[in-house]
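Structure first, then comments.
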């Protein structure tokens with residue numbers, strides 16, 4: 001009996017060591033692939049560039065195959081989506097984005113994950129990260145927006161305010177607010193604009209045209225303001241022309257902006273980054289003045 005107990009204790013000790021070893025290995029891989037929490041977005045982008053170069057070399061040699069781990073995970077994610085197992089599917093997509101960012105299916109995985117993330121952020125019924133407040137005497141839009149670090153666009157969308165409700169607030173009125181604390185990373189080489197919340201990927205947008213004098217390395221800017229471009233003029237958000245205008249995100253470097261790709265590709269609207277019109281309409285619902293913008297050349 002004593003001998004059997006000793007064996008059981010030995011087995012448990014070995015199992016505990018294996019678990020600790022696996023945890024340590026996982027922590028090492030996460031550190032290796034993503035860096036620290038503080039610099040995760042930049043580190044992931046650097047790691048992604050390294051992996052892209054490696055996988056491109058393999059692809060040129062005909063090494064890549066449909067059975068690579070990233071492709072297996074993507075096929076499983078599609079199966080889970082078809083079965084409406086959203087939590088499991090989301091984990092698979094995050095796995096691809098984090099560990100196989102240059103797999104053949106990675107772009108589609110980022111697209112699907114981005115749509116899921118933004119749908120939730122813009123869904124008034126999805127409570128995570130949002131708060132319901134009640135209008136009190138003396139409240140106004142400016143004060144509410146500043147206090148809750150949000151924007152007029154986001155407040156109107158989430159609260160479902162009609163055009164007639166834009167001009168005034170009612171005491172006792174309920175509003176939905178969401179702090180907009182996203183970070184933007186613009187990658188010149190990949191022609192992408194990626195949104196992050198802390199160390200979590202939110203969504204990636206394709207940049208259609210870049211007019212920017214690359215300075216090399218990384219440039220740290222912020223969002224200066226959001227305006228509406230209407231009949232060759234810029235209007236603030238409270239202007240009656242703003243709602244129907246094409247949105248323009250002005251950066252702290254006043255020579256740069258993020259705006260919709262013009263119908264005539266030859267139109268020169270100055271330095272900046274041009275996206276599909278539908279993407280430029282979506283971004284003001286997610287971003288606010290002061291958000292960090294990192295430009296990687």
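The values are calculated or read from the model by the stated rules, or taken from the named source; none is laboratory data. Computed from a predicted model, the values in this text were never measured in an experiment. All Cβ positions, glycine included, derive from the backbone under ideal geometry; neighbour counts span all protein chains shown.
Consider the stretch 110-137. How many of its residues are part of a strand (DSSP E or B) and within 30 Å of residue 97 (Cα to Cα)? Walk me through it before giving the result.
First, pick out the residues of the stretch 110-137 that are part of a strand (DSSP E or B): 131-134.
The next check asks that each one be within 30 Å of residue 97 (Cα to Cα); those that pass are 131.
Total meeting the criteria: 1.
Can you list the strands (runs of 3 or more DSSP E) lying wholly within the stretch 138-208 that have 1 or more residues being in contact with a helix residue (DSSP H, G or I) (Cβ under 7 Å, 6 or more places away or on another chain) and closer than 17 Å to residue 296 by Cβ? Give the derivation first.
Numbers: elements: 174-177, 183-187, 192-197.
Qualifying strands (runs of 3 or more DSSP E): 183-187, 192-197.
Only one of (1) loosely packed, with under 13 Cβ neighbours inside 10 Å; (2) under 27 Å from residue 221 (Cβ atoms) is not met by residue 170, so which one is it?
So residue 170 meets the others, but not (2).
Mind listing whichever residues of the stretch 273-286 are out of contact with any helix residue (DSSP H, G or I) (no Cβ under 9 Å at 6 or more places or on another chain) and buried (at least 20 other Cβ atoms within 10 Å of the Cβ)? Steps first, answer last, please.
We begin by selecting, within the stretch 273-286, every residue out of contact with any helix residue (DSSP H, G or I) (no Cβ under 9 Å at 6 or more places or on another chain); these are 273, 276-281, 283.
Of everything in the stretch 273-286, those that are out of contact with any helix residue (DSSP H, G or I) (no Cβ under 9 Å at 6 or more places or on another chain) and buried (at least 20 other Cβ atoms within 10 Å of the Cβ) turn out to be 273, 280, 283.
Has the stretch 249-260 got any residue that is over 23 Å from residue 190 (Cβ atoms) and modelled with pLDDT of 85 or more? Let's see the steps before the verdict.
Keep residues of the stretch 249-260 that are over 23 Å from residue 190 (Cβ atoms), which gives 250, 254.
Next cut, modelled with pLDDT of 85 or more only: 250, 254.
Yes.
Within the stretch 57-74, restricting attention to residues that are within 14 Å of residue 109 (Cβ to Cβ) and surrounded by 14 or more Cβ atoms within 10 Å (Cβ to Cβ), which residue is modelled with the lowest pLDDT?
Start the filter on the stretch 57-74 by keeping residues that are within 14 Å of residue 109 (Cβ to Cβ), which leaves 68-74.
With the extra rule that they be surrounded by 14 or more Cβ atoms within 10 Å (Cβ to Cβ), the set shrinks to 68, 70-74.
On the way: 68: 72, 70: 81, 71: 85, 72: 86, 73: 86, 74: 87.
Only one residue tops the list, namely 68.
Looking only at strands (runs of 3 or more DSSP E) that fall completely inside the stretch 212-297, which ones have 2 or more residues that are touching a residue at least 24 places away in the same chain (Cβ under 8 Å)? Break it down stepwise before answering.
On the way: elements: 218-230, 233-235, 246-251, 257-260, 272-275, 292-296.
Of the strands (runs of 3 or more DSSP E) lying wholly inside the stretch 212-297, those with at least 2 residues that are touching a residue at least 24 places away in the same chain (Cβ under 8 Å) span 218-230, 246-251, 257-260, 272-275, 292-296.
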